[in-house]
Amino acid sequence: MTDERAPGLVLHTPGGARFHFDPGTLCLELLPTGGPGRYARYEVLHRPADLADWAGRSRLGLPPGAVRITDDQLTAARALRDALWRLTAARAAHGTGAGDPADYAVLNRAAAGPPLAPQIAPDGTAAAPLPGDGDQLASTVARDAIALFTGPYADRVRECGADDCRLLFVDTSRPGRRRWCSMERCGNRHKVRALRARREQQDE
């Protein structure tokens with residue numbers, strides 16, 4: 001059963017099944033909204049409201065109306081996402097330091113602006129940030145990406161091990177052996193295939 005309160009996103013397969021995907025960090029939650037090249041067909045950020053909706057479903061958990069986004073800011077956020085796709089995929093394939101300098105420049109420009117202002121609740125827990133705009137949202141995402149790429153998990157950026165899945169995540173598990181975007185989806189499919197193969201071998 002999918003726990004919608006857990007960090008991460010609830011995604012849908014082409015067949016309509018729901019599964020929980022936690023890429024391990026905010027910036028990588030932006031990638032399933034579309035992307036460059038072949039990923040453009042999955043685009044869901046068509047209007048500023050779509051990006052605001054993503055901000056509510058992401059681990060930011062922004063309430064409705066918390067972020068004001070213009071058309072130009074949406075375009076910039078999509079450019080940031082596409083650069084993140086390429087940088088993250090390059091790191092997953094080739095390791096720390098991989099990626100196009102132009103994409104790093106996009107990341108740095110987005111991070112240069114002020115981020116969303118964090119808040120703390122009276123009980124000591126994190127509260128929703130102060131209302132902001134699309135540039136602040138992009139800066140928050142970009143700064144998170146820079147923290148990932150320069151931090152202790154920089155060498156743990158992974159692509160899902162399934163042949164037909166390209167979801168990207170950071171492996172924050174203690175042993176560092178995460179293979180799947182989601183055990184609920186690709187991990188379970190692998191188990192089913194392995195069990196079927198063992199049974200077929202036994203029947204031969």
#### Entry: Top-ranked residue of the stretch 1-35 - restricted to ones that are closer than 19 Å to Leu148 by Cβ and open to solvent by 30 Å² or more (accessible area, probe 1.4 Å), ranked as modelled with the lowest pLDDT
Pro7
### Message
Taking the conditions exactly as written (outside any strand (DSSP E or B), of a type in the set (Lys, Arg) and within 15 Å of the chain's Cα centre (by Cα)), does Arg91 satisfy them or not?
### Response
yes
### Task
Kindly provide the set of residues from the stretch 119-155 that are in a helix (DSSP H, G or I), among the β-branched types (Val, Ile, Thr) and open to solvent by 90 Å² or more (accessible area, probe 1.4 Å), ordered by number.
Thr150
### Message
I need the full set of residues from the stretch 46-80 which are buried (at least 20 other Cβ atoms within 10 Å of the Cβ) and of a type in the set (D, E, K, R), in order please.
### Response
Arg78
### Message
List the residue pairs whose Cβ atoms are under 8 Å apart, where the first residue sits in the stretch 137-158 and is under 14 Å from Ala92 (Cα atoms), the second is open to solvent by 40 Å² or more (accessible area, probe 1.4 Å), and the two are 6 or more positions apart or on different chains.
### Response
Phe149/Thr96; Tyr153/Thr172; Ala154/Thr96; Asp155/Thr96; Arg156/Thr172; Arg158/Arg178; Arg158/Arg179
#### Entry: Residues (farther than 14 Å from Ile146 by Cα, touching a helix residue (DSSP H, G or I) at 6+ places or on another chain (Cβ under 9 Å) and without any contact (Cβ under 8 Å) to a residue 24 or more places away in the chain) located in the stretch 82-98
Ala90
#### Entry: Residue satisfying condition, being at pLDDT below 95 and of a type in the set (A, V, I, L, M, F, W, C), within set Leu74, Leu62, Leu107
Leu62
### Query
Which number in (1) under 17 Å from the mean Cα position of the chain (by Cα); (2) over 23 Å from Ala105 (Cβ atoms) marks the one condition that Val157 misses?
(2)
### Task
Note down all Cβ pairs under 7 Å where the first residue falls in the stretch 99-112 and is under 13 Å from Ala147 (Cα atoms), the second is small (Gly, Ala, Ser) and not in a loop (DSSP other than H, G, I, E, B), and they're at least six residues apart or on different chains.
Leu107/Ala83; Leu107/Ala142; Leu107/Ala145; Ala111/Ser139; Ala111/Ala142
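The values are calculated or read from the model by the stated rules, or taken from the named source; none is laboratory data. The structure displayed is predicted, hence computed values, not measured ones. Ideal geometry is used to build each Cβ from the backbone, glycine not excepted, and the neighbour counts take in all protein chains shown. Heavy atoms of the whole protein, side chains included, go into the accessibility calculation; ligands, DNA and RNA do not. Shrake-Rupley method; radii C 1.70, N 1.55, O 1.52, S 1.80 Å.
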